[in-house]
Amino acid sequence: MIIVMKSDANGDQISAIKKKLEELGCVVHVSNGENHCVLGIVGDTSRINEGQIEAEECVDMVMRVQAPYKRANRLFHPDDSIIKVDDQTIGGKKLAIIAGPCAVESEEQLITIAKDVKLAGANFLRGGAYKPRTSPYAFQGMEEEGLKLLLEAKKITGLPIVTEVMSVELVEKISRYADVLQIGARNMQNFDLLKEVGRCNKTILLKRGMSATIEELLMSAEYIMSEGNENVVLCERGIRTFETFTRNTLDLSAIPVLKKLTHLPVIVDPSHAAGKWWLVEPLAKAAIAVGADGLEIEVHNDPTNALCDGQQSLKPKKFVALVDELREIAKTQNRIV
Ligand code: PEP
Ligand code: MN
């Protein structure tokens, strides 16, 4: 961190700021220039309240040279994190293919889809039991009944379960059924929820908020990791832009950017990015081509009667064809499906 003092800052003011920072455990180098005095701060600056420093009348500006996230930062953990879930991994050579319906709707629906996606090559089953819906009148999910069906599908297929947790109160219950807890886009900055899942022993799939910057996503991962849970997978699922043709705009550049900034695995959800089933295939391919560690894709056996997100769900046959095509693209990235 660099602090530029105002040109009229006096020696006492400079010493006071220096003392404040040293009390936080930092080493402060003072450089007296012709017009400005500049303080170079070395050490762990994560506890410095930038706003307090900037509020000092003798301070001209404060610049961070290092990212505010530490545990998620590749700088301190150069190797890719490979997260183990049952006998599957996320972040290794093998791509993580998470597939299944937006919402669990019935035993028949879930088991049919689970078998289909497993046969196609998926290694995780997704399905929402508690759904974050824009309208309070829309289907809200089967709740605990849905969790029981997910567990049944796991018993049949062996696929680990990914499902969303929307509130602090539900973390304990959902942890009893699921292998990966998904934090949805709308909850990316629900800090109490992030801290709670940071204290559980499940892998967390953290989706990017629809208006969140890459740094905000990484700070949310930092919240989880700072509580002790280092098993965090990031998910780009499209952000809100001025474009309305697609449900969101898939930020493909976020994938190589995140891979540069963090050691955490990064996957892509083309379904919620696109909002249209026919866009899922090209976006999924593009995601793997730019280095994503996996995909989360909505698949439904009867999209026209789906209770949630039928418009963006692939039929099992289309999903099979997509996974086959992904095998070729994966090879270009030295990955396998
Ligand atoms: C979902 O995956 O079911 C979902 C609601 O996604 P998002 O939080 O990205 O909108
Ligand atoms: Mn959905």
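The values are calculated or read from the model by the stated rules, or taken from the named source; none is laboratory data. Since the structure is predicted, the reported quantities are computational estimates derived from the model, not experimental observations. A quick note on method: Cβ atoms are made from the backbone with ideal geometry, for glycine too, and the neighbour counts reach across all protein chains shown. Just the protein is used for accessible areas: all its heavy atoms, side chains included, with ligands, DNA and RNA removed. Shrake-Rupley method; radii C 1.70, N 1.55, O 1.52, S 1.80 Å.
Ordering of 225-233, 117-125, 77-85, 28-36 by packing is 117-125, 225-233, 77-85, 28-36, highest average first (other Cβ atoms within 10 Å, averaged per residue). For the chain, the list of Cys residues with no other Cys C-beta under 4.7 Å reads Cys26, Cys37, Cys58, Cys200, Cys235. Each residue was assigned an accessible area with a 1.4 Å probe, and for Asp44 the value is about 90 Å².
Kirkwood radius for the stretch 1-129, taken over all pairs of different Cα atoms as the inverse mean of 1/r, rounds to 19.2 Å.
About its Cα centre, how strong a charge dipole does the chain have in debye, to the nearest 20, once Lys and Arg get +1 and Asp and Glu get -1 at the Cβ?
Values: 41 positive and 47 negative charges, 199 e Å.
So the magnitude is around 960 debye.
Largest first, the extents of the alpha carbon coordinates of the stretch 2-63 on the three principal axes equal 29, 21, 20 Å. Counting only Cα atoms, the size of the stretch 83-332 along its three principal axes is 40, 40, 38 Å, in decreasing order. Rounded to the nearest 20, the Cβ-based charge dipole of the stretch 1-155 about its Cα centre (Lys and Arg +1, Asp and Glu -1) stands at 660 debye.
What 222 nm value per residue comes from the helices of the chain, counting each DSSP H run with n ≥ 4 as -39,500 (n - 2.57) and dividing by all residues, nearest 500 deg cm²/dmol?
Numbers: 11 runs with 116 residues, N = 337.
Value at 222 nm, helices only, nearest 500: -10500 deg cm²/dmol.
For the stretch 64-154, the residue among Leu95, Ile113, Ile82 whose Cα projects farthest onto the positive side of the dipole built from Cβ charges is Ile82. Projecting the Cα atoms of Met61, Val27, Val38 onto the dipole axis of the stretch 20-71, where Lys and Arg carry +1 and Asp and Glu carry -1 at the beta carbon, places Val27 farthest toward the positive end. Shown in residue order for the stretch 231-240 are the 3J(HN,Hα) couplings computed by the Karplus curve 6.51 cos²θ - 1.76 cosθ + 1.60 at θ = phi - 60°: 8, 10, 10, 9, 9, 7, 10, x, 10, 7 Hz (x for Gly and Pro). Between Leu39, Leu205, Leu218, the residue with the greatest mean-square fluctuation in the GNM of the chain (Cα pairs under 10 Å linked by springs) is Leu39.
Pop out the Kirkwood hydrodynamic radius of the stretch 194-311 from its pairwise C-alpha distances, inverse of mean 1/r, in Å to one decimal. Show your work: numbers first, answer last.
On the way: mean 1/r = 0.0672 Å⁻¹.
Evaluated over the stretch 194-311, this radius sits at 14.9 Å.
Please report, as a whole percent, how much of the solvent-accessible surface of the chain comes from carbon and sulfur atoms (probe radius 1.4 Å). It is 51 percent, rounded to a whole number.
Rolling a 1.4 angstrom probe over the protein heavy atoms with all chains in place gives the chain an accessible area of 45 Å² per residue.
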